[in-house]
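Engineer: Sharing a structure here in structure tokens format.
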Amino acid sequence: QIASIIALRHCQEFVRSQAKIYEARRDVVLAGCRRLGWEAEKCRGSMFVWARVKDEHLTGQSTIDFVMRMLEEAEVALAPGRAFGENGEGYVRIALVENEQRLHQAMRQLDRVLNKRAVVSGRNSG
């Protein structure tokens, strides 16, 4: 309890700093979602982004099958929305636990696979 009191009284700068890190990560993922044509809301208090996958990207698959395909083809791990209840079908949950560079890379890899874009010199050309 004492540690909690100290944290609440003296660690607000750390909390603000950490929030800025997650905000930057969120913005990277949201930009990637826009590029993919996925709908995603700008969350303000979460370490996850929930994104609605375009039907053409699902190609008739469940989100569970879709995330397994993305793991295989894009080498990106996503959580299937369906794992959180039947209303999650059609959505994926993207964790903001990696740094910005890795999140950029993951979104480029998804774009390469889903939108069949060529990658030149580590940058997306499409």
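The values are calculated or read from the model by the stated rules, or taken from the named source; none is laboratory data. Keep in mind it's a predicted model, so treat the numbers as computed, not measured. Note that each Cβ is placed from the backbone with ideal geometry, even for glycine, and that neighbours are counted across all protein chains shown. Surface areas here come from the heavy atoms of the whole protein model, side chains and all, with no ligands, DNA or RNA. Shrake-Rupley method; radii C 1.70, N 1.55, O 1.52, S 1.80 Å.
Engineer: Which residue is most open to solvent (accessible area, probe 1.4 Å), if the candidates are limited to the range 89-113 and must be of a type outside the set (D, E, K, R) and closer than 12 Å to VAL67 by Cα?
Structural biologist: TYR91
Engineer: Out of the range 65-75, which residues are part of a helix (DSSP H, G or I) and either in contact (Cβ under 8 Å) with a residue 60 or more places away in the chain or open to solvent by 80 Å² or more (accessible area, probe 1.4 Å) (or both)?
Structural biologist: Of everything in the range 65-75, those that are part of a helix (DSSP H, G or I) and either in contact (Cβ under 8 Å) with a residue 60 or more places away in the chain or open to solvent by 80 Å² or more (accessible area, probe 1.4 Å) (or both) turn out to be ASP65, MET68, LEU71, GLU72, GLU73.
Engineer: Taking interchain pairs and intrachain pairs at least six residues apart, which have beta carbon atoms under 9 angstrom, with the first residue in the range 34-62 and within 23 Å of LYS116 (Cα to Cα) and open to solvent by 100 Å² or more (accessible area, probe 1.4 Å) and the second in a helix (DSSP H, G or I) and charged (D, E, K, R)?
Structural biologist: ARG35/ARG108; ARG35/ASP111
Engineer: What residue, of ALA95, ALA24, ALA19, is free of Cβ contacts under 8 Å to residues at least 40 places away in the same chain and not basic (Lys, Arg)?
Structural biologist: Residue meeting the stated conditions: ALA19.
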